[in-house]
Structures are given as structure tokens and as C-alpha cells.
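> There's a structure below that I have some questions on.
The values are calculated or read from the model by the stated rules, or taken from the named source; none is laboratory data. Just so it is clear, the structure is predicted and the values come from calculations on it, not from any experiment. Here the Cβ positions follow ideal geometry from the backbone for every residue, glycine too, while neighbour counts run over all protein chains shown. For accessibility, only protein heavy atoms count, side chains too; no ligands or nucleic acids. Shrake-Rupley method; radii C 1.70, N 1.55, O 1.52, S 1.80 Å.
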Amino acid sequence: MNNKKIIFKITGMTCASCALNNEKELTKKAGILNANVNFASKKACVEYDADQIGVAQVKKIVKDNGYDVEEENMHHNMTHEMDMDDSGHHHEMENADRNSKSFIWSAVLSLPLLVEMFVKFRLGRELFGLDAVMWLHIFLSTVVVFYFGARFHAMAFKQLKKFKANMDTLVSLGTLIAYFYSLWAVFHSLEGYFESAALIVTLILLGKYFEARSTSRAGEAMQKLMALGAKKARLIIDGQEQEIDIDEIKIGDILLVKPSEKIPLDGEIIEGSSSVDEAMLTGESMPVEKTVGAKVYGATLNQTGVINIKVTQIGEGTVLASIMRAVEEAQGSKAPIQKMADQISGIFVPVVMAIAAVTFGVTYFVTGHFPVALIHAVAVLVIACPCALGLATPTAIMVGTGRGSAAGILFKNGESFERAKNITLAVFDKTGTLTVGAPAVKKILPNPEFGFAENKILKIAASLAGASEHPLSQAVTRAAKAENIVLAPLENVIEERGKGIGAVCQTHKTELLLGNRKLLEEHKIKIAWVENILMSDYSEVGTHLFVVHGQNVIGAILVADKIRPEAKEIVGKIKQMGIAVAMISGDNLKTAEAVAHELGIEKVVAEVLPEQKAEKIKSFQNQGEKVIFVGDGINDAPSLVQADLGIAMGNATDIAKDAGQIILMQNNLKKVVEAILISKLTFRTIQQNLFWAFFYNIIAIPLAAFGFLSPAIAAGAMAFSSVSVAMNSLRIYR
């Protein structure tokens with residue numbers, strides 16, 4: 001077998017059952033091993049045997065099923081693919097704007113019909129037995145039903161040609177029968193229900209607007225990942241530097257990377273040394289020292305030195321590309337509750353149509369009156385119209401997101417609320433989430449033998465650190481600046497890479513040092529006190545920089561990634577909610593355990609590679625846990641989408657924000673608790689709305705079928721069901 005995978009965008013899907021419909025058609029075909037169609041992202045992920053079926057044939061199945069395929073999204077060139085994804089996102093935003101305008105105009109035209117429903121008035125019969133008001137009714141409802149409702153009729157017709165039905169079928173059938181019955185009724189001096197037909201279209205358009213807004217950003221995660229990569233590279237040919245496009249680079253090429261530049265592709269250093277910020281891949285705040293022979297990765301940031309690298313991976317082989325694939329595939333997966341909801345929708349539509357048909361047949365057989373039979377059938381269709389079902393989710397989402405945004409919490413789509421159900425485990429990334437994500441001076445430890453004050457030790461250290469661009473040195477400099485310490489003038493400053501800095505004080509001509517144990521040993525400084533410090537508990541929670549004045553170690557400065565001040569309180573609150581807490585980190589086990597102990601976290605997973613984080617989340621899920629993952633950083637993106645609920649911190653990179661279902665706009669862990677509470681409340685409201693929408697149909701449809709409800713009462717009941725759903729949703733604010 002020659003197994004391949006293709007991901008492409010489908011246009012024309014209007015409801016969840018459309019995605020299910022396409023899945024079924026794809027999996028029926030020989031040669032297709034697996035198909036997953038995601039309604040939110042409008043993408044199909046298809047695994048197929050290339051020996052049996054080709055890409056064109058796969059797409060033809062979708063086209064034959066009544067939908068369209070966006071061909072350009074399958075461009076293999078990453079740069080072009082990014083452009084295409086940008087156009088796809090633009091298309092989604094246009095779609096949301098179009099839905100917004102359609103709803104507004106439809107509502108404006110429906111308003112006079114609704115007003116006249118409660119305030120009856122006539123202007124006298126003038127033309128073909130109808131007065132001007134009734135002709136206005138006919139005109140307004142015709143525009144709403146046939147112009148603004150055209151999309152529903154078009155999709156219903158496509159489904160009809162395939163002998164299938166979806167929510168569009170019910171919307172179309174309900175509006176058309178209500179409309180044509182009303183047209184017949186008013187010319188026979190009976191009451192028409194044009195407002196029902198118009199209201200159906202208007203409310204469904206409102207739902208479509210909410211839906212388009214919530215899904216318009218579905219593809220942005222991939223755009224942000226692609227944007228991380230460098231677009232140009234400095235290629236070395238015969239000792240000459242030449243700037244070229246990234247897609248022209250081949251494996252084995254030699255590239256020059258200067259300080260503060262992105263490393264273009266995965267490779268190996270063959271000349272020079274530097275410190276490299278790999279936070280976007282590893283999540284680790286401390287830059288990694290790199291010398292000849294060390295591996296470097298595309299999209300990471302070269303900080304201090306000039307390096308030459310030999311390219312070892314390009315295109316899809318890079319670490320960045322592998323993370324991109326993990327995000328895209330995780331985004332394409334579905335939660336079981338979505339599939340269940342799809343199936344319920346698929347059953348509901350044909351059942352209602354069947355009940356309406358049976359109602360008409362039985363009533364006509366029993367009474368022999370065609371108008372009575374038609375009125376009963378229309379009542380069934382009108383009262384069973386999926387307005388309440390259509391509004392159950394979007395109204396709750398609208399109110400939930402409104403309350404969230406007021407609190408600085410951004411919910412990206414309806415799934416955010418659904419995924420909060422039955423959460424049992426909260427997993428926090430360490431660096432940048434439980435900690436601030438940047439090195440800072442945590443403690444100053446004076447050597448009691450020499451009696452130097454903390455401020456004096458910091459002054460000497462900061463004076464030396466000011467000559468260095470190293471992140472640890474910068475942490476010391478920031479601490480001195482915060483204390484308004486005036487730095488001492490130095491001369492003969494020498495930075496020894498990987499060890500520290502040495503200099504001579506201009507005023508007292510004293511030799512000064514700031515660095516690690518290696519630096520002290522090299523300068524033959526006595527290190528008995530140093531060894532005691534390193535053997536103590538302090539060695540577990542950060543990096544020690546030792547300060548030397550003359551030949552004496554006068555103190556040490558502990559530089560560490562600071563724990564967020566609110567972290568301990570939040571861990572406690574989440575535990576009180578009955579949710580267990582775990583921490584995951586790429587850091588060494590000692591450091592991770594020290595942070596976890598301080599916060600009261602029992603479960604610790606440390607020394608995890610970026611690609612393994614999502615696997616760890618999956619292993620928790622396989623043990624029966626429902627997992628919230630809270631993180632930032634590119635390496636967290638696959639974990640954010642793998643988790644049952646992904647929460648990205650406010651300082652998170654754009655990709656992490658796009659991968660998570662919830663974004664905290666502030667760097668405040670207190671918002672995690674608030675986000676969980678709003679999620680649970682909103683999803684509970686959605687469940688209530690759906691229950692009452694179904695319960696309403698179960699009670700109302702038989703009443704309509706047996707003639708206890710006229711189409712007028714049915715239309716009123718249908719409108720009330722929609723209003724009751726909206727009113728229930730508004731309770732979220734309280």
C-alpha cells in the first residue's frame with residue numbers, strides 16, 4: 001500500500017450534518033482509508049492509498065456530493081501556502097460580513113410584518129381583493145424568503161438531488177410551505193403567516209452570522225506557524241555572502257547567521273559560537289549555548305554570536321514543519337459529543353418531514369378536507385422549524401463570550417464551552433505560564449566571612465554584567481536598575497563565553513569577577529563557600545552567579561525564572577473545584593520539582609521534548625482524564641489542541657493563542673479559574689437550551705399534528721421557543 005494524506009478546504013457546508021455527509025461519502029469509496037471532515041475549519045483530512053485512488057478523484061467525491069473544493073490550498077510550497085491561507089482567512093471574514101448584512105436587511109424587512117402581527121390594521125381592499133398592507137406583506141416576505149433565504153433553498157435542492165436532507169432542507173421546506181400557504185390563504189380570505197416565513201429566515205441568518213464569526217479564525221494557527229519561519233537566508237558561496245529566498249536552499253548549503261537574526265532552517269554549526277533563544281520551540285526561557293557541532297533549528301533566534309551553519313533539513317523535514325503538522329492534524333479531530341449532535345440533527349430533519357407528511361395524509365383521510373390537512377401539516381413544519389435549535393448554541397455563545405471579553409477572557413468558538421464539561425485534570429506548562437518566562441534575580445546570598453551588604457554585591461555584579469548581552473547578565477542589570485544602583489566604572493573587561501566576566505575597578509584597581517564555578521577555578525579563587533552553596537537546597541531552583549572582589553568570593557546571586565505571584569493561590573482554587581493539577585516542563589527534573597513543591601503540585605512531568613508534550617497529554621486522556629492544558633509558546637500549540645480544553649496565556653505567542661480554545665488577555669492565572677467557571681456555565685446553558693428546544697418539539701409537534709394548534713399559534717409558539725432560548729442564555733450575565 002502507498003498511504004498518503006491530503007488536507008483540503010471544502011466550501012458550501014452550512015451545518016454539522018454537511019460535514020458528516022461528506023465523511024460518509026468519502027469513506028464509502030474504495031482506496032480511502034480514513035476521512036475526517038471538520039465543520040469548524042471547513043477542512044477535510046483524508047488518508048488514502050495512492051495506488052488505488054488519486055487526489056483529483058478524492059476531491060471529485062466531495063464535488064459530486066454537492067460541495068466545492070478550494071484547489072489552491074493544496075499548494076506544496078510553504079510560502080505560497082501561507083499566501084493561500086491568508087486568502088482563505090480573508091474569505092471567511094468576508095463570509096461573516098455578508099451574513100451580518102444579510103441578517104440586518106432581513107430583520108429590517110421582517111420588522112413591519114412582526115409589528116402588524118400584534119397591531120392589526122388595514123387600508124381597505126384595492127387590488128385583486130387585497131389591500132395595500134397585505135401587498136406589502138407579500139412583497140417584504142417574498143424578498144426575505146427568496147432573496148435572503150436563497151442559500152437555504154439552493155443547498156436543500158442540492159441535497160434533494162442526492163435524496164438527502166439536512167437543516168437547510170427543513171429551513172427551506174418550512175419557509176416555502178409557510179410562504180405559499182400564506183399566499184394561497186390571503187386570496188381565500190384566510191389568515192396568512194408571512195411573518196413566520198420571514199422570521200425563520202431572519203433568525204437562521206442570525207445563527208449563521210454567529211457561526212461565521214466563530215469559525216473565521218479556524219485556519220490562523222497554520223498561518224502564524226508559517227510566519228515564524230525566516231523568508232530569506234544568507235548563503236555562503238566561495239566565501240561570498242548572498243541573500244536568497246528560503247525555498248531555494250538545499251540540504252548541505254552553508255548559511256551565515258548574524259546576531260538577532262532568525263536561524264533559517266535546521267542545521268549544524270560548523271563555525272562560530274553563540275547563545276540561541278529556542279523558547280518558541282522548547283518553551284525554555286534560558287538561551288542555549290551553541291558551539292561547533294551543535295544542532296540548531298529553523299525559526300529559533302540567534303542572540304550573541306556570528307555562526308555558520310550547514311543545512312540538514314528543509315521544507316517538511318524541519319522541526320517547525322513537524323509541529324505544524326501536529327497542529328493541523330489535532331485541529332482536524334472531533335470530540336465524540338460533536339458527532340452525536342450531528343447525528344441527532346440528521347435524524348431530526350427527516351423525522352419532522354415524515355411527521356408533517358403523515359399528518360397531512362391522515363388528516364385528509366379522516367376529514368376529507370384538503371385545507372384542514374394542509375393547515376395541520378403546515379403547523380407541524382412551522383412549529384418544528386429549527387429556530388430554537390439553531391439559536392440554542394449561538395445565543396449562549398454570544399452571551400458567554402460577551403461576559404468573558406468583559407473579564408479579559410477570549411473564547412474563540414463554541415467548542416471552548418463544550419470542552420469544559422467534566423474536566424478532571426488541569427495541566428500547566430511551567431515556563432511562561434506558572435513562571436514569568438524570563439530570568440530574574442531571585443536572591444542575593446552574601447558570604448558572611450567578608451560582610452558585604454546585598455546592595456554592594458549587586459552593584460559589583462551589575463557593573464560587570466552591563467558589559468554583557470547574555471540573558472543572565474541582563475537579569476542582574478535589570479535588578480540593579482530597579483534599585484537605582486549607580487554602576488562602578490570598569491576597565492580591562494573580558495567576557496569568557498560559558499563562564500562569566502572579568503574586569504578591573506577603575507577607582508580601586510581591584511580585580512572583579514562575575515560568573516560560574518568554572519570561572520572561579522580558572523582564576524584560582526578559593527571555592528569552599530561556593531561548594532557549600534551549590535550543595536544546598538538553593539542549587540535546585542536556578543543558576544548561581546558568584547561575585548569575586550579581589551581574591552574573595554563575597555557573595556552569590558541566584559538567577560531564576562520567577563514563579564507568578566498568583567500561581568499558588570490558583571493551584572489551590574482549582575483543587576477546591578475538584579480538579580487535580582499537574583505540571584509539565586522541558587526543564588530538568590530538579591528545577592521542575594522545586595517549582596511544583598513550592599506551588600503544591602504533586603504530578604510533575606519534566607525533561608519533555610516539544611513533540612512529546614502532546615503525547616503526555618494524550619496519555620493522561622488515555623487514563624480516563626478530561627484535561628485542561630494551560631500554556632504559551634509554540635511548543636505548546638499541539639498540546640493546546642490535544643487537550644480537552646486549551647487555555648493560552650496573554651503573553652502567549654500568536655500561534656499558541658490560535659491553537660488554544662481560550663485566550664487570557666492578561667498575564668494573570670486568576671483568569672484560568674474564571675474561564676473554567678464561565679465555560680461550564682455557558683455549556684450548561686447550551687445543554688438546557690437544546691433540551692428545551694427538543695422538549696418543545698416533542699410536546700408541540702403532536703399537538704400540531706392533531707390539530708390543537710393552528711399555524712398562527714404554531715408560529716407564535718415557535719417564536720416564543722426562540723425567545724425563551726435567548727432569555728435563558730441572557731441568564732449567563734447574572
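> At a Förster distance of 41 Å, what's the computed FRET efficiency of residue 577 paired with residue 443, Cβ-Cβ distance as r, to 0.05?
After rounding, the FRET efficiency stands at 0.80.
> Let me ask something else about it. Using 0.36 nm per residue of separation minus the Cα-Cα distance, give me the extension gain between residue 258 and residue 108 in nm, one decimal.
Going from the current span to full extension adds 48.0 nm.
> So, counting K/R as plus one and D/E as minus one, what does the shell of residues with Cβ under 11 Å around residue 559 add up to? Display every interim value, and only then the final one.
Working: positive: 442, 443, 478, 562; negative: 561.
Computed value for this residue: +3.
> Roll a 1.4 Å probe over the protein heavy atoms and report the accessible area of residue 403 in Å², nearest 10.
90 Å²
> Over the range 469-548, what per residue volume does the convex hull of the Cα atoms give, in whole Å³?
116 Å³
> Using only protein heavy atoms and a 1.4 Å probe, report how much of residue 597 is accessible, in Å² to the nearest 10.
Residue 597 has an accessible surface of roughly 150 Å² with all protein chains in place.
> Count neighbours as other Cβ atoms within 10 Å of each site's Cβ, and list the GluC sites (Glu not before Pro) in the range 511-583 that are DSSP loop with at most 13 such neighbours.
Sparse-neighbourhood loop GluC sites (Glu not before Pro): none present.
> Considering only protein heavy atoms, with the full assembly of protein chains and a 1.4 angstrom probe, order 155, 1 by accessible area, largest first.
The ordering from most to least exposed comes out as 1, 155.
> Per-residue accessible area for residue 369 at 1.4 Å probe radius, Å² rounded to 10?
My reading of the accessible area for residue 369 is about 100 Å².
> Still on this structure, please answer the following. Among the listed pairs 443/671; 9/250; 42/626; 442/613; 575/670, which are separated by more than 22 Å between their Cα atoms?
443/671; 9/250; 42/626; 442/613
> As a test of reading the structure, rank 288, 547 by solvent-accessible area (1.4 Å probe, protein chains only), most first.
Largest accessible area first, the residues go 288, 547.
> Can you give the three extents of the C-alpha atoms in the range 485-615 along their principal axes, from longest to shortest, in whole Å?
Sorted from largest, the Cα extents of the range 485-615 read 62, 31, 27 Å.
> According to a simple spin-label model (label point 7 Å from Cα along Cα-to-Cβ), what is the distance in nm between residue 524 and residue 351?
Going by the 7 Å Cα→Cβ label model, 9.1 nm.
> Across 5 Å bins from 0, what is the distribution of all Cα-Cα pair distances for the range 551-593, in whole percents?
P(r) over the range 551-593, rounded to whole percents: 5, 14, 17, 19, 17, 11, 6, 5, 3, 2, 1, 0.
> What full-extension length gain, to one decimal in nm, is calculated for residue 101 and residue 50 as 0.36 nm per residue of separation minus the Cα-Cα distance?
14.0 nm
> Turning to a different aspect of this structure: Would you mind calculating the gained length between residue 699 and residue 3 on full extension (0.36 nm times residue separation, minus the Cα-Cα distance), in nm to one decimal?
Length difference between fully extended and current span is 245.5 nm.
> At a Förster radius of 22 Å, what calculated FRET efficiency corresponds to the Cβ-Cβ distance of residue 598 and residue 424, to the nearest 0.05?
Here the calculated transfer efficiency is 0.40.
> For a distance above 17 Å, tell me the whole-number percent of Cα pairs in the range 144-183 that qualify.
24 percent
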